[in-house]
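The values are calculated or read from the model by the stated rules, or taken from the named source; none is laboratory data. All values derive from a computational prediction rather than experimental measurement. Cβ sites come from the backbone with ideal geometry, for glycine too, and all protein chains shown count toward neighbours. To get the accessible areas, we keep the full protein, side chains included, count just its heavy atoms, and leave off ligands, DNA and RNA. Shrake-Rupley method; radii C 1.70, N 1.55, O 1.52, S 1.80 Å.
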Amino acid sequence: MWIIFGAIIIIPIGVAWGQYLFHGLPTDPSASFSETIPGELAGFPFWARISHWANFLFLSLIIRSGLSILADHPRLYFNDGCAPQSEWVRFTPVKIPKDALWTAKEDARYISPLLGLPGYRHSVGLARVWHFLNVPFFVINGIVFIVLLFCTDHWIRLVPTSWQIIPDAWNVFVHYATFHFPVEPNGFYHYNALQQLSYFGVIFILAPLAMLTGLAMSPAIENRFHWYPRLFGNRQSARSLHFMVMVCYLAFIVIHVALVVATGLVRNMNHIVMGTDDAHSPTGLYAGIAIVLFVVLCCFIALWLCWHRPRSLQKTQAFINGNLWRRSINTFEPRRFYKKGDISPYFWPNGKIPEDSDEWNALAKNDFKDYKLRVKGLVENPLELSLDELKKIAKEENITMHHCIQGWSGIAEWGGIPLRKIVELAKPHPSVTAVAFYSFGSGLYGGVYYDTHTLDNCMKPLSILAWEMNYKPLPIAHGAPLRLRVENQLGYKMVKWIDHIEFITSHEGIGKGYGGKNEDDEYFDLLADT
């Protein structure tokens, strides 16, 4: 990572110094600017100033929650298999032990709440709540800004209209890189070429790229439109680009703030806070400091809510994004795409093997020959089926990509009985809307692990109960004797070491009423489409 980012920084600076030492400073294009240009809208309209500071708030929360999400799997890859040692960067000193089982959950790292939201360890559920709660408002703010930008003459300030902007921006960069500050135009009327190009890039490149790479990590989108993540290379390349966008935002913020201070703090703050071109009145500075303190206060309030009102946050997330996903990407039907050659050589294990379950241990000793899947609840035909009996009913083989909430992925073949066959045999009552899958295993904080799915998702293509992985019997570490596969959902919804299945009227009637063990204890989403 240091080589990549170091090269991005050092090479342009080195070239700039080479040009300066051998050819002198280039012409500064800003020197020809007059104080105003006839017909150009001067200053910063009210909507631009509001959007600017709203963006600062949203980005603060999005970046901090994104760091917490990253800490849950602190490795970035350019391959979808995510094998240990194949990452291009890791933010953990831990190396995967070769002589012991090491789960993805164990690989999660602590992050300070001063940096991450909410920080600490195993807090990805609440981190995702803040990340996704802010995204719709970040997008709306951006859309409103762009619409108003092009409905007024203000777009002239931000959108280059000539390719000359590139050599002009380079000339300005040479001045900055060699510590010769260029002529600083009054930002109330003009930006220099490098400023204009930077602002254009942040608004029209970084922001859309952040949204598009985020969508490429959705299991519902990837398993329906397999071509989409490939626009960025693959799913993990999209995750890495998502991270690089965050780095670019942070670099921009640091440089932007430094230049605001260096080129006239009082005047610049009056520009973006008060909308006036006043180099003497401290009103804008004081108001700007108050806004920054308000954003800091919001970050502390967000952290307080994580630890004192987490359930309210989870419910708010379900109301806003849960309903949005239910009506959009959750309707997508997964499609087959991957071939045998795409299967990942490594597949991260996760979850607690149910070694503390006497029943499961006894079944495992006999290679699960005595195992019986119990299907009960609101059904006309309760079922008890052995593995052999399940295999005689039907078998479906699918090669799919697994998407973990932590960020890693893996491609594997899964063989098992389609869930629709279980539904057809059990004949659920008309009142049934959900299906609960119970594990022999336990959750992170104890108690039986379970999760629920809508009946609709269970009936979607590629939804199976798998007894086979990569054309071999399902390994213990990956859920033997049976594990669930519902391909439009994240991995925590795919219960391993299945004990029994129950057809229910609603997820609210079991556990704590939030749809699963992780949903109950770690505030994960009921719908895990993204």
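Scanning the range 481-500 for residues that are open to solvent by less than 10 Å² (accessible area, probe 1.4 Å), part of a strand (DSSP E or B) and of a type in the set (D, E, K, R) returns R483, R485. None of E396, E384 is within 25 Å of I221 (Cα to Cα) and either in contact with a strand residue (DSSP E or B) (Cβ under 6 Å, 6 or more places away or on another chain) or at pLDDT 95 or above (or both) except E396.
Here is a yes/no grid of residues against (1) under 26 Å from H478 (Cα atoms); (2) open to solvent by 40 Å² or more (accessible area, probe 1.4 Å):
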{"site": "M1", "(1), (2)": "no, yes"}
{"site": "I11", "(1), (2)": "no, yes"}
{"site": "L25", "(1), (2)": "no, yes"}
{"site": "A48", "(1), (2)": "no, no"}
{"site": "I63", "(1), (2)": "no, no"}
{"site": "W102", "(1), (2)": "yes, yes"}
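Report yes if A127 is assigned to a helix (DSSP H, G or I), among the small types (G, A, S), open to solvent by less than 60 Å² (accessible area, probe 1.4 Å) and free of Cβ contacts under 8 Å to residues at least 60 places away in the same chain, otherwise no. Here the answer is no, as A127 does not meet what is asked. Within the range 295-338, how many residues turn out to be without any contact (Cβ under 8 Å) to a residue 40 or more places away in the chain and farther than 28 Å from I411 by Cα? Adding up the residues that qualify gives 12. Screening Y450, Y471, Y514, Y445 for residues that are modelled with pLDDT under 95 and either of a type outside the set (K, R) or under 23 Å from T400 (Cβ atoms) (or both) leaves exactly one candidate, Y445.
Would you confirm, using the coordinates I've provided, whether Y346 is open to solvent by less than 30 Å² (accessible area, probe 1.4 Å) and in contact (Cβ under 8 Å) with a residue 40 or more places away in the chain? Judged against the criteria, Y346 is not a match.
Scanning the range 65-100 for residues that are among the polar types (S, T, N, Q) and within 30 Å of F137 (Cα to Cα), which turns out surrounded by the fewest Cβ atoms within 10 Å (Cβ to Cβ)?
S68
Scanning the range 195-247 for residues that are in a helix (DSSP H, G or I), open to solvent by 40 Å² or more (accessible area, probe 1.4 Å) and of a type in the set (K, R) yields one hit, R230. Within the range 350-377, residues that are closer than 30 Å to S409 by Cα sit with their Cβ atoms under 9 Å from residues that are in a helix (DSSP H, G or I) and among the polar types (S, T, N, Q), at 6+ positions apart or across chains, in these pairs: P354/N361; E355/N361. Within the range 508-522, the residues that satisfy the criterion of being part of a loop (DSSP other than H, G, I, E, B) and open to solvent by less than 50 Å² (accessible area, probe 1.4 Å) are I510, G513, G515.
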